[in-house]
1. Please go through the stretch B:142-156 and give me each residue that is out of contact with any strand residue (DSSP E or B) (no Cβ under 9 Å at 6 or more places or on another chain) and either more than 14 Å from chain A (Cβ to nearest Cβ) or outside any helix (DSSP H, G or I) (or both), ordered by number.
2. When residues of the stretch A:128-168 are filtered for being touching a residue at least 12 places away in the same chain (Cβ under 8 Å) and surrounded by fewer than 24 Cβ atoms within 10 Å (Cβ to Cβ), how many remain?
3. Among the residues in the stretch A:456-479, are any surrounded by 22 or more Cβ atoms within 10 Å (Cβ to Cβ) and within 20 Å of residue A:378 (Cα to Cα)?
4. In the stretch A:307-340, how many residues are free of Cβ contacts under 8 Å to residues at least 12 places away in the same chain, farther than 18 Å from residue B:52 by Cβ and part of a helix (DSSP H, G or I)?
5. Any residue that is at pLDDT below 95 and part of a loop (DSSP other than H, G, I, E, B) - is there at least one of those in the stretch A:60-78?
6. Check the stretch B:9-22 and report whether any residue there is crowded, with 24+ Cβ neighbours inside 10 Å, at the interface with chain A (Cβ under 7 Å from one of its Cβ atoms) and over 24 Å from residue A:106 (Cα atoms).
7. Among the listed residues A:102, A:95, identify the single one that is away from chain B (no Cβ under 14 Å), outside any helix (DSSP H, G or I) and under 20 Å from residue A:23 (Cβ atoms).
8. Can you pull out every residue in the stretch B:87-97 that is surrounded by 24 or more Cβ atoms within 10 Å (Cβ to Cβ) and at the interface with another protein chain (Cβ under 10 Å from one of its Cβ atoms)?
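The values are calculated or read from the model by the stated rules, or taken from the named source; none is laboratory data. Nothing here was measured: the structure is a model prediction, and the numbers come from that model. Note that we place each Cβ from the backbone using ideal geometry, even for glycine, and neighbour counts take in every protein chain shown.
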C-alpha cells in the first residue's frame with residue numbers, strides 16, 4: 001500500500017518489517033520519531049533509555065540474546081555511545097543490530113554539525129545512507145540482513161532532510177526471522193586483551209568482505225547520463241538535489257553505502273567520464289576516500305564544508321541557471337526561537353538575572369535562556385556539562401564565584417549525563433549551586449518521558465526516580481524545591497543557596513506548559529487605564545506580551561495565564577479574562 | 001507535469017504541521033508523487049518555521065529554494081514578507097493578517113515593519129490577505145486558523161472540493177472534524 005511517510009517513520013516501518021523486537025533510544029532531533037513510531041507497533045518492545053550509551057548497550061544485549069535490535073540517536077548522541085560502538089564492532093552480533101544516527105547539517109536543532117560518517121570508518125562499521133523515505137525503509141531492512149551476514153552492527157545514517165521529509169513508501173508485512181538462541185562464546189563476547197587481539201583481524205577481514213559486497217550491491221548504482229563531461233558521485237539528500245538540478249544530464253554514481261566504499265566501481269565510473277564531482281554535505285568524506293584510492297575528484301573546492309546544500313547551491317556550483325527570487329526591500333526582523341508563553345523556565349531565569357548570577361547552561365529548551373532579553377545563560381557545551389563545568393569554574397575561582405555562579409540543567413538531561421557531574425561536586429566538594437529545571441518531560445525533542453516522569457514511552461506507569469532522594473543520597477544536605485511561577489520563592493531560594501557554605505541543589509519544578517494534561521488559567525489582559533507603559537513586564541521576554549501604542553498588550557492566543565508578568569507590574573495592570581472576574 | 005511548490009510559513013506552534021499533512025494527503029490522493037519537508041526541534045519554539053510541500057510526476061528534492069514557490073501560505077504577515085524571495089515571479093501569497101511580534105521587536109531592538117501587505121503588492125506580488133483568526137473564531141476555535149488558511153488556499157487549485165474534504169477527514173481527529181469543516185468552508189468562501 002502506498003503511503004506518505006516521514007523518513008523516520010519509514011525507518012521505523014523498516015524495523016517492524018524486518019522483525020526487530022527490541023528498541024532502546026534516547027531522543028534527539030532529528031532522530032526522535034524513529035523510536036516514537038516504532039513504539040506504535042505492539043510487536044516491538046520500545047523504551048527511552050537514560051542516554052545513548054545505555055541505549056546502545058541495551059540493543060547489544062538484546063542482539064546477544066538472539067533478537068533483532070535497534071538504537072537511534074542524533075549525531076552528538078553517538079559521541080555518548082562511542083564507547084560501546086567501537087567495541088561492539090569487535091564482538092559483532094548474534095541477531096541483527098542496527099544503529100541509526102541522524103546528522104543535523106545547518107544545525108536546525110543542534111550544538112554542532114559534526115559529520116557522523118567518520119564514525120563508520122573509525123569504528124569499522126558499515127554505514128548505509130538512505131536518500132528518501134522509501135530507502136529509509138528498505139535500508140533499515142537491508143541493514144539487518146547485512147548485520148547477520150557479516151556479523152557486525154550496521155549504522156543507518158539519516159540527516160534532517162531525510163529524517164524529516166515525507167515521501168511515498170510501499171509497505172509490506174512483518175517477517176520475523178528464526179530466533180538465534182544465545183550461545184556462550186567467551187572468545188567472541190568478552191573483550192579483554194587476549195580475546196580482542198584475536199577479534200581485530202576478524203574486523204579487518206570483515207571490512208574487506210563488505211567492500212567486496214559493496215562492488216556488486218545494487219544500492220551503489222550508476223545512473224546513466226547523456227553528457228559524460230561530468231560524472232557525479234553523491235548520496236543521501238544531496239542525490240535529490242543533483243537529480244533536481246541535472247535530471248538525467250550527467251551520469252551519477254548514487255551511493256547507498258558510504259563505508260566501506262566500492263573502489264573498483266568508483267574507478268570504473270571515474271574512467272567513464274571526463275571529470276568527477278563529489279556532492280556531499282559537511283566533510284569531504286567520500287571525496288577524501290576517492291583521493292586515497294588515487295581517483296581525481298572535485299568536491300569541497302566547489303561546495304562548502306558547513307551548512308546544508310540545496311538545489312540552488314548545487315545548480316550554482318555546477319553552472320546550471322537557477323531562479324534567484326526577489327526579496328522585499330525592507331528590513332525584516334529576525335524571529336529566533338523563544339521560550340513559550342507560560343514556560344516554567346522563564347521565572348527562574350528572571351530571578352537569576354535579578355541576582356546577577358553567572359549561569360552555566362545545558363542542552364534543552366532552557367538553552368533559550370541565553371536569548372535576549374533574558375540573556376542569562378553564558379555557557380552551553382553538551383549534555384551534562386553545566387554541572388561539571390560549574391564544579392571546575394568554582395574550583396578555579398573559589399569563593400570569588402561560589403556565591404554568584406549557578407548551573408541549570410533539565411530533568412531529562414540530568415538523568416542523561418548530569419548525575420556523574422553531581423557526584424563529582426559531592427565527592428570533590430565544590431561549593432556549587434546546581435539548579436535542576438524539572439519540567440517533568442523531555443521538552444525540546446517534543447515531549448518524551450524520562451526516568452523522572454513516572455511513565456514509559458507508551459505513556460504507561462513506570463519506575464520513577466525521585467530527584468530529591470537521589471541528590472540527598474549523593475550527600476547533598478541542602479536540596480529544596482521551588483515553583484518557578486512564584487518569583488518571590490525563587491528569589492529567596494537562589495539567595496539562600498548561593499549564600500550557604502556547602503553545595504546545594506535547587507529543583508525548580510513545574511510541568512512544561514505545552515503538556516496536554518496541564519490545565520491553564522484563562523489568558524490575562526492589560527487594563528489600558530492602569531498600564532503606565534513602564535515595560536517592566538517586557539523584561540521576561542514573554543512572546544505573548546507586546547507594546548502597542550505605548551501600553552502593554554497580551555496576545556490571548558498565546559497567553560496561558562501563568563501570572564509571572566503580573567508579579568512584575570508595579571500598578572497591577574494585568575487582569576484575568578475569566579468570566580465573572 | 002512540472003513539480004508544483006507550496007511553502008507553508010509561520011511561527012513555531014501555529015499548526016503548520018497539520019496543514020502540510022493535509023496537503024500531502026490531498027496530492028497523494030490525486031495520484032501525484034509528493035514530498036513534504038518539515039523542521040522539528042528548536043525552531044518549533046516560537047521561531048520562524050517553514051514547511052515545503054512539492055508534488056508532480058516525480059519529485060526529487062524535498063526542499064523549495066529561492067524563486068521556486070508557486071504558492072506561499074503564511075500564518076503571519078512578517079513571515080510572508082520574510083520568505084517572499086522564495087516565490088516565483090508569477091507566484092501567489094495567501095496570508096493571514098495576524099501579526100506576532102518576534103523577540104527583537106518585543107525587546108525594542110527592532111521594529112515590526114508597517115503595511116507589509118501593501119508593500120508586497122507594490123513590489124508586484126499577488127497577495128491574498130485574510131483575517132484568518134477572526135474567521136477561525138467564528139468557526140469555533142482560534143486553533144482552526146490553519147484550516148481556515150487551507151480553505152482559502154483551496155481556491156487556487158482545480159481539485160474538487162470533495163477531495164479536500166476527504167483529506168481533511170484523513171488528518172483531523174473526528175472530535176474536531178465538524179468545527180474544522182466549518183473553518184475550511186468559511187476560509188474558502190470568505
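1. Listed by number, the residues that qualify are B:147, B:151, B:154.
2. 10
3. no
4. The total comes to 1.
5. no
6. no
7. When all the criteria are applied, what remains is A:95.
8. The one that is surrounded by 24 or more Cβ atoms within 10 Å (Cβ to Cβ) and at the interface with another protein chain (Cβ under 10 Å from one of its Cβ atoms): B:87.
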